[in-house]
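Engineer: Below is the structure I would like to discuss, written out as structure tokens.
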Amino acid sequence: MAKQRISYVPLENMTEKMRAEMDRCAREGTPRPESSAVRAHVPACFWFFADSWDNIFRNGVLDHAIKELCRVYVSRSVICEFCGNQRSIKGANEGLKETHYDDLIEFEKSTQYNERQKAALSLAEAIVWRLDTDDAFWARMHKHFSEPEIVELGCAIGLTHGQQSFLRLLNIDHHQVMAGTAASMAPGTETAEALAKLRESPTYWAKRNTGTGKNAA
């Protein structure tokens, strides 16, 4: 990994309430403690993300597993290794398997996803790659989702796109804050040693050509 650009706030410098959220991050992940320790430099930023993530990503009106697929689609698109090497425990409990993450960039051609999942991923694609949308696009969205679900999905995608695009620049990594837990880590990344070994593999996802969206240059 390249040089880290922003430090982690030590636990002893956080309030009791913030430390409780850090414990949750270590226990449940998504987000893992490192990104929360960066946002802790500004408590308002720490709680803006923690509360928003809880309300519209982990919970909300739309089934969580669909939002998790879109979160990892963003990771694969912006190549945020920190976020892309995490998996939602709740998403797994709702039926997501590791194979569901394999075809995200080429989701339209894949047999891994149903039509509702593909519609959600098309919204993620349009947001991340700034694609123009037409009546057919929105007819597809309204066929599969209610208006509140579309709003929540759009907000969740926008939040993760912004945060992942920022975190990618910081070169933070896993197993550096509150190390010793593997909560929400993707297979093969559960320890620092395993993660380092995975990065050496030529099939490591961040080394592959992840695509650039339908209309990207």
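Engineer: Residue by residue through region 114-147, note down the ones that are in contact (Cβ under 8 Å) with a residue 40 or more places away in the chain and under 18 Å from the mean Cα position of the chain (by Cα).
Structural biologist: Result: Gln117, Ala120, Leu121, Leu123, Ala124, Glu125, Val128, Trp129.
Engineer: Next up: Would you confirm, using the coordinates I've provided, whether Leu153 is hydrophobic (A, V, I, L, M, F, W, C), in a loop (DSSP other than H, G, I, E, B) and either more than 22 Å from Asp54 (Cα to Cα) or in contact with a Lys or Arg (Cβ under 9 Å, 6 or more places away or on another chain) (or both)?
Structural biologist: Values: hydrophobic (A, V, I, L, M, F, W, C): yes; in a loop (DSSP other than H, G, I, E, B): no; either more than 22 Å from Asp54 (Cα to Cα) or in contact with a Lys or Arg (Cβ under 9 Å, 6 or more places away or on another chain) (or both): yes.
Considered against the rule, which asks whether it is hydrophobic (A, V, I, L, M, F, W, C), in a loop (DSSP other than H, G, I, E, B) and either more than 22 Å from Asp54 (Cα to Cα) or in contact with a Lys or Arg (Cβ under 9 Å, 6 or more places away or on another chain) (or both), Leu153 comes out as no.
Engineer: Name the single residue that is surrounded by the most Cβ atoms within 10 Å (Cβ to Cβ) among those in region 139-154 being farther than 12 Å from Asp63 by Cβ and touching a helix residue (DSSP H, G or I) at 6+ places or on another chain (Cβ under 9 Å).
Structural biologist: Filtering region 139-154 for residues that are farther than 12 Å from Asp63 by Cβ and touching a helix residue (DSSP H, G or I) at 6+ places or on another chain (Cβ under 9 Å), the one surrounded by the most Cβ atoms within 10 Å (Cβ to Cβ) comes out as Met141.
Engineer: Which members of region 2-39 meet the condition of being more than 19 Å from the chain's Cα centre (by Cα) and within 17 Å of Leu169 (Cα to Cα)? Steps first, answer last, please.
Structural biologist: To start, the set of residues in region 2-39 that are more than 19 Å from the chain's Cα centre (by Cα) comprises 2-20, 23.
Selection gives Ala2, Lys3, Gln4, Arg5, Ile6, Ser7, Tyr8.
Engineer: Looking only at residues in region 22-36 that are surrounded by fewer than 20 Cβ atoms within 10 Å (Cβ to Cβ) and of a type in the set (Asp, Glu), which one is nearest to Glu68 (Cα to Cα)?
Structural biologist: Out of the qualifying residues, it is Glu28.
Engineer: Are any residues in region 59-109 acidic (Asp, Glu) and either surrounded by fewer than 18 Cβ atoms within 10 Å (Cβ to Cβ) or out of contact with any Leu (no Cβ under 7 Å at 6 or more places or on another chain) (or both), and if so, which ones?
Structural biologist: Hits for region 59-109 are Asp63, Glu81, Glu94, Glu98, Asp102, Asp103, Glu106, Glu108.
Engineer: Of the residues in region 110-121, how many are touching a helix residue (DSSP H, G or I) at 6+ places or on another chain (Cβ under 7 Å) and surrounded by 12 or more Cβ atoms within 10 Å (Cβ to Cβ)?
Structural biologist: Residues meeting the conditions: 8.
Engineer: In the set Gln163, Gln176, which member is modelled with pLDDT of 95 or more and assigned to a helix (DSSP H, G or I)?
Structural biologist: Gln163
Engineer: Then there is this: Name the helices (runs of 4 or more DSSP H) wholly within region 42-112 that hold at least 2 residues that are within 15 Å of the chain's Cα centre (by Cα) and free of Cβ contacts under 8 Å to residues at least 60 places away in the same chain?
Structural biologist: The qualifying helices (runs of 4 or more DSSP H) are 64-78, 89-93.
Engineer: I need the full set of residues from region 189-203 which are assigned to a loop (DSSP other than H, G, I, E, B) and either at pLDDT below 95 or more than 18 Å from the chain's Cα centre (by Cα) (or both), in order please.
Structural biologist: Those that are assigned to a loop (DSSP other than H, G, I, E, B) and either at pLDDT below 95 or more than 18 Å from the chain's Cα centre (by Cα) (or both): Thr191, Glu200, Ser201, Pro202, Thr203.
Engineer: Then there is this: Of all residues in region 40-84, count the ones that are more than 20 Å from Pro187 (Cβ to Cβ) and among the charged types (D, E, K, R).
Structural biologist: So the count comes out to 5.
Engineer: When you check Ala124 against the structure, is it surrounded by 20 or more Cβ atoms within 10 Å (Cβ to Cβ), at pLDDT 95 or above and in contact with a helix residue (DSSP H, G or I) (Cβ under 9 Å, 6 or more places away or on another chain), yes or no?
Structural biologist: On the way: surrounded by 20 or more Cβ atoms within 10 Å (Cβ to Cβ): yes; at pLDDT 95 or above: yes; in contact with a helix residue (DSSP H, G or I) (Cβ under 9 Å, 6 or more places away or on another chain): yes.
Yes.
The values are calculated or read from the model by the stated rules, or taken from the named source; none is laboratory data. As the structure is a prediction and not an experimental result, all values here were calculated from the model. Here the Cβ is made from the backbone with ideal geometry for all residues, glycine too, and neighbour counts use every protein chain on show.
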